[in-house]
Amino acid sequence: MNELELKYGCNPNQKPSKIYMADGSDLPITVLSGKPGYINFLDALNGWQLVKELKEATGLPAAASFKHVSPAGVAVGLPLSPVLKKIYWVEDMGELSPLACAYARARGADRMSSFGDYISLSDICDEDTAKIIKREVSDGVIAPGYTPEALDILKSKKNGNYNVILIDPEYTPEPIEKKQVYGVTFEQGRNEIKIGREVLENRVTENKEIPEAAEIDLILSLITLKYTQSNSVCYTKNGQAIGIGAGQQSRVHCTRLAGSKADNWYLRQAQKVLELPFLDDIRRADRDNAIDVYIGENDMDVLADGRWEQVFKEKPPVFSREEKRQWLDQLTDVSLGSDAFFPFGDNIDRAYKSGVKYVVQPGGSVRDDQVIETCNKYGMVMAFNGIRLFHH
């Protein structure tokens, strides 16, 4: 099949719409279920590239949760601790496969942003992974294969209308890519740069020690940024993105946005949050929203009389600003990647507040010395990779 007609483009008024191969070859995808749309395919194809590269770089199964052509979460298939199982709402599912762990991490890191995601999987989707997908609000999934059991589960989602795409893992795109804006055709070479441990060799700070786990986290951050709308910054820890700041005009705003998401990820692991007495019949999305409000600056929106009764069995105690700061001070050994250089040390100051110890960025700012000095002040390790990873 060379082309596929779509219902409409980005918006319902943008018709006609289709995807097709300009060279006359067959599309590298097969729709197994549902009717994916224009944005679904953008998310699916960008996400597939990300997880394919991440699997190649780390040797571990990888998963991504995409929304509006940027990842909300990315992870590799490392085992889940009991606390992570609880905050990712999979503690009732027993031992999970590595691929299922990868998706639980990718979906769970920023559940607010991942709501209604498009999922990308590096490996054949197994039953464990399909069971997690079945219980979440999601638009669809792309993978290089599906076990019969997994496909049956996915095809039953949304009354048989869930979008399931099979991607040919052997497909290699043309080296030149094109797109049109306002009738003008843009052409460029594909960004085929490979990201591995060698990009971490130029360590410019006084501290130069990066453990193997942090190397994986830094590589994960860079591959994530390669497919995130710029400007972008990514915080990672233990094989997953814990905060992604995408599409901001100011880099420090990216750093703040991603840092606040990393903070939320860690705050959700605090005992007060783990013990929140939710009503038995509360919906998953309402529970996630309540947690986000409870750990935020407007906690009375969920704790006020007349409000808490809609969510909790009993009124929870306030999680004070001081308590939250004390808890966040325990977050350590976080890695941080940036898709372009940090122009000022204020980015490092903000990153430090979210436990960052390892940093990778291109370098090349006229204030590199100031940025290095700020890292040295905090005992951080920073590598200059010389690679800009803008994505638009």
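The values are calculated or read from the model by the stated rules, or taken from the named source; none is laboratory data. Note that the structure is predicted; figures quoted are calculated from it, not measured. A quick note on method: Cβ atoms are made from the backbone with ideal geometry, for glycine too, and the neighbour counts reach across all protein chains shown. Ligands, DNA and RNA are stripped out before the accessible areas are found, and what is left, the full protein with its side chains, is counted by its heavy atoms. Shrake-Rupley method; radii C 1.70, N 1.55, O 1.52, S 1.80 Å.
Structural remarks
- In the stretch 1-19, the residues that are of a type in the set (Asp, Glu) form Cβ pairs under 9 Å with partners that are open to solvent by less than 80 Å² (accessible area, probe 1.4 Å) and outside any strand (DSSP E or B), at six or more places apart or across chains, as follows: 3/21; 3/27.
- Selection status of residue 343, under 20 Å from residue 225 (Cα atoms), open to solvent by 10 Å² or more (accessible area, probe 1.4 Å) and touching a Phe, Trp or Tyr at 6+ places or on another chain (Cβ under 6 Å): no
- In the set 182, 146, 171, 235, only one residue is among the aromatic types (Phe, Trp, Tyr) and open to solvent by less than 30 Å² (accessible area, probe 1.4 Å); that residue is 235.
- Qualifying positions in the stretch 121-158 - outside any strand (DSSP E or B), out of contact with any Gly (no Cβ under 8 Å at 6 or more places or on another chain) and under 26 Å from residue 289 (Cα atoms): 128, 129, 130, 131, 132, 133, 134, 135, 136, 154, 157
- Meets criteria (under 25 Å from residue 225 (Cβ atoms), in contact with a strand residue (DSSP E or B) (Cβ under 8 Å, 6 or more places away or on another chain) and surrounded by 13 or more Cβ atoms within 10 Å (Cβ to Cβ)) for residue 45: yes
- Of all residues making up the stretch 283-319, the number that are part of a loop (DSSP other than H, G, I, E, B) and open to solvent by 60 Å² or more (accessible area, probe 1.4 Å): 10
- The residue that is surrounded by the fewest Cβ atoms within 10 Å (Cβ to Cβ), counting only those in the stretch 260-281 that are part of a helix (DSSP H, G or I) and hydrophobic (A, V, I, L, M, F, W, C), is 274.
- Residue 64 being assigned to a helix (DSSP H, G or I) and either within 15 Å of residue 236 (Cβ to Cβ) or within 11 Å of the chain's Cα centre (by Cα) (or both): no
- The stretch 134-176, residues that are of a type in the set (Val, Ile, Thr) and over 22 Å from the mean Cα position of the chain (by Cα): 147, 153, 172, 176
- Some residue of the stretch 352-371 being hydroxyl-bearing (Ser, Thr, Tyr), within 24 Å of residue 249 (Cα to Cα) and part of a helix (DSSP H, G or I): yes
- Among the conditions (1) open to solvent by 20 Å² or more (accessible area, probe 1.4 Å); (2) within 30 Å of residue 231 (Cα to Cα); (3) touching a Leu at 6+ places or on another chain (Cβ under 7 Å); (4) not in a helix (DSSP H, G or I), residue 327 misses just one, which is (4).
- Just so you know, in the stretch 73-83 the residues that are outside any helix (DSSP H, G or I) and among the hydrophobic types (A, V, I, L, M, F, W, C) include one that is most open to solvent (accessible area, probe 1.4 Å), and it is 78.
- Residue among 138, 70, 120, 114 that is touching a His at 6+ places or on another chain (Cβ under 9 Å), crowded, with 19+ Cβ neighbours inside 10 Å and among the hydroxyl-bearing types (Ser, Thr, Tyr): 70
- Figure legend. Inter-residue proximity from the stretch 327-356: first residues free of Cβ contacts under 8 Å to residues at least 60 places away in the same chain, second residues of a type in the set (D, E, K, R) and not in a helix (DSSP H, G or I), beta-carbon distance below 7 Å, spacing 6+ or different chains. Indicated pairs: 332/357.
- Unique match (being among the hydrophobic types (A, V, I, L, M, F, W, C) and surrounded by fewer than 16 Cβ atoms within 10 Å (Cβ to Cβ)) among 360, 366, 371, 356: 366
- Any hit, the stretch 107-120, residues being among the hydroxyl-bearing types (Ser, Thr, Tyr) and part of a strand (DSSP E or B): yes
- The residues listed here are 56, 95; of these, the one that is open to solvent by 10 Å² or more (accessible area, probe 1.4 Å) and not in a helix (DSSP H, G or I) is 95.
- Number of positions in the stretch 245-256 that are open to solvent by 20 Å² or more (accessible area, probe 1.4 Å), under 20 Å from residue 43 (Cβ atoms) and either part of a helix (DSSP H, G or I) or among the small types (Gly, Ala, Ser) (or both): 2
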